[in-house]
1. Which of A:V180, A:V166 has the fewest other C-beta atoms within 10 Å, and how do the rest follow up to the most?
2. Can you give the charge dipole size of the range A:1-101 about its Cα centre, rounded to the nearest 20 debye, using +1 on the beta carbon of Lys and Arg and -1 on the beta carbon of Asp and Glu?
3. Please give the average number of partner chain Cβ atoms lying within 10 Å of the Cβ of each residue in A:70-78, rounded to a whole number.
4. Just want the answer: with Cβ charges of +1 for Lys and Arg and -1 for Asp and Glu, which residue in A:G135, A:N75, A:T64 is farthest toward the dipole's positive end in chain A?
5. Could you sort out which of B:K310/B:K359; A:K88/A:K167; A:K58/A:K136; A:K22/A:K67; A:K99/A:K230 sit more than 29 Å apart by Cα distance in this structure?
6. Return A:D153, B:D73 ranked ascending by Cβ neighbour count within 10 Å, so the fewest neighbours appear first.
7. Return the FRET efficiency for the residue pair B:K366, B:M330: r is the Cβ-Cβ distance, R0 is 22 Å, and the value is rounded to the nearest 0.05.
8. Apply the a/c threshold of 1.5 to the C-alpha gyration tensor of the range A:224-286 and tell me whether it is rounded, prolate or oblate.
Amino acid sequence: MALVSADSRIAELLSELHQLIKQTQEERSRSEHNLINIQKTHERMQTENKISPYFRTKLRSLYTTAKADAEAECNILRRALDKIAEIKSLLEERRIAAKIAGLYNDSEPPRKTMRRGVLMTLLQQSAMTLPLWIGKPGDKPPPLCGAIPASGDYVAKPGDKVAARVKAVDGDEQWILAEVVSYSHATNKYEVDDIDEEGKERHTLSRRRIIPLPQWKANPETDPEALFQKDQLVLALYPQTTCFYRALIHTPPQRPQDDYSVLFEDTSYADGYSPPLNVAQSGTLPSA
Amino acid sequence: MSELKDCPLQFHDFKSVDHLKVCPRYTAVLARSEDDGIGIEELDTLQLELETLLSSASRRLRVLEAETQILTDWQDKKGDRRFLKLGRDHELGAPAKHGKPKKQKLEGKAGHGPGPGPGRPKSKNLQSKIQEYEFTDDPIDVPRIPKNDAPNRFWASVEPYCADITSEEVRTLEELLKPPEDEAEHYKIPPLGKHYSQRWAQEDLLEEQKDGARAAAVADKKKGIMGPLTELDTKDVDALLKKSEAQHEQPEDGCPFGPLTQRLLQALVEENIISPMEDSPIPDVSGKESGADGASTSPRNQNKPFRLAKEEVNRQELRQRVRMADNEVMDAFRKIMAARQKKRTPTKKEKDQAWKTLKERESILKLLDG
C-alpha cells in the first residue's frame, strides 16, 4: 500500500536527517577551533597596539579558513533543513492520501470536527514552523517569502493553504483560511476546503478570489525588505479564528521567530482600529 | 608598522552559537544513538533550531567576507595612507605630528619606529572610528592633489595646428591641386538630346504597346492553366523590358542622365527655380554652380597653399638642423663645466669645439631668418 511505503521512506529520511545533524555538529566543532584562534589574534592585536604585516596576513588566512568553514556549515545545515522539508511534505502527502482514502471508505466524515482549541494549536504550530528564508550572500528573497507576492502565473498546489474570499449564505463576503484541493486550468478555478470544517461543501472559486499564503518567513536580520512596513494595509488572520480581516501594520517582527503587531479595522472602537494584536508572518497577506 | 588606530577592521566577535543552551533538542538528538533516531514530532522544534544555527552561520559568513574585503583593500592601499594621515592629524590635532611622517617612510623598511605609546588608549576608539570612516571614503574620492591638467589639454588641442608638416600632407595638397585639369573635361557640353515632348510621346507609345502585350498575355493565360505565379513573371518581364528600354534610350539622347532628371529639370525651369537652358539638358549644372562658388578657381590661388607648404617644409628642415646644433652646443658646454668642476682649465680642444658649434648654430639661424 502506498501508505506503508511512505512510512518506510519517512523512516529512511529520518535516519538520514540524524546523520546530517551529527555531521553538522562535527563541522561546527571543527570550525570552533579556528574561531577561537581568530579571537586570540584579535586580542593580541588589540593589546599590542600595532598591526604588523605578519598579523595582517595571519588574520587574512584565518578569516579565509573561517569563511570556508562557515560555508561548509551552512551547506550541511541547509541539507538538513531540506531533509526536514522533504519529510514534512511526505507526511503531508500521506495525510492527503489518508483523507481521500478515508472519504471513500467511510460514510461518515473521517474525523469528527476538530475541537476549536486543537485546531488553533495546529494553526499556531504550522505558523511557527513555516520555514525561514535564509539566502546565501547575494540571494534575493523569492516570491511567497514574507511580504513578497506570488508571481502572476503562480498556481497553488493541492494541500497549499490560501486565503479564499467566499460568499456566505447571507450574501456577505469573507476571507477564510482554506486548503487547496485542486485547480482546473480549463476554467481557471480553484477548489478549496475550509480549514475549519472538513467535509463541508467545498468552494469553487476563480483565481482572483484566492491569495496563497507565504511559504517562507522573511528573516528580519538579513532581508528586512521582504517584510511589511509600519502602516501598510494587509489582510491578517484574526487571532483564534480562521478568518482574515483588513489591518494596518503596527510593528514588523524584530527577530525571525517574532510576529507582526497589527491594528485590525474595527468599527466598535473609537478610532476605528483595534489595539495592537499579534499575527504570525504566515497569516499576513498583501491586501488584495 | 602601522598603528592599531589605522586598522579599519572591526574585530568582530566570532563566537558560534552555543548550541547547548539555545538548541536543546538538537543537542539531545546528537546525544542519541542511531537506533533511537528522531521522532516525527520532534521535527518542528529541530527545524526551528537548525534555522537559528543556519542564520547565525550565514551572518558570520557575511561578516567574514566583509572583513576580508576590508583587509584586502587596506593592504593594497598603503600608498594613499599618507593623505589619510594628514587628514587625521588635522582632525585630532595630535601633538606628536612630526613623529608620524617619519614612521611612514620607515614603514617600508624592516625596522619599525616606536608606537605612539600606550598613553592613547582612550582616543583609540574614536580614532579607529574616524579611520574607518575615512577608509570607506577612500575608494570613492582618493585625496590626491588634483593634477593641474589644463596646460596638457591645451597643448593637445593646439597640436594639430602647430605640428610639423609631413611630406604626406604635402602630397595631399598636390593631389588636391590636380583636379583643375580634370575639370576641363566636365566643361564639355554634351550634344543636344531629343526634345522632351518628342521623347514623352515615344514613351507613351511604348507604354500602350506593353499594355497591349500584357492584355494579350493575360488573355492567353486565361485560356491556359497557369496560375497567379505567371502573372508575377510577366510583371517581372515587363519591369525588365522597361529597364532595358530606359537604358536603350540613353544613347539615343546622347545624354548620360536618365529621362527622370530631364523631366525634373523641366519642372524646375517651369517653376523659375533654374533659368531655362535652351533645351540643352545639362542636369549637372545645378551641382556645378554650387561647387564653383566654394573653391577659388583662379590659378594663382590654387597654387598658393602648395607653395606655402613647400616653403614650410624647408624651414622645418632648417629648424631641425638648429636643434641638432643646439644639442652640440650643450654638449660642449657641459664638457667645459665638468672641466671647471675638476678645477682644471678647459683644454684648447674643448674651447675650439665650443666656438665651432656656436658659430654653426648662428649660421643656421641666419638662414632660417632669411
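1. Details: A:V180 20, A:V166 15.
Listed from fewest to most nearby Cβ atoms, that is A:V166, A:V180.
2. Taking the Cα centre of the range A:1-101 as origin, the dipole is about 380 debye.
3. Working: counts 12, 5, 1, 8, 7, 2, 4, 9, 4.
Neighbouring Cβ atoms belonging to other protein chains average 6 per residue here.
4. Looking along the dipole axis, the top candidate is A:T64.
5. With Cα atoms farther than 29 Å apart: A:K88/A:K167; A:K99/A:K230.
6. A:D153, B:D73
7. Details: r = 20 Å, r/R0 = 0.92.
After rounding to 0.05, the efficiency reads 0.65.
8. Prolate, because a/c is 1.5 or more and a/b exceeds b/c.
Bear in mind these aren't lab numbers, they're just calculated from the coordinates by the rules spelled out. Since this is a predicted model, take the numbers as computed values, not measurements. Heads up, the Cβs are rebuilt from the backbone with ideal geometry, glycines too, and the neighbour counts pull from every protein chain shown.
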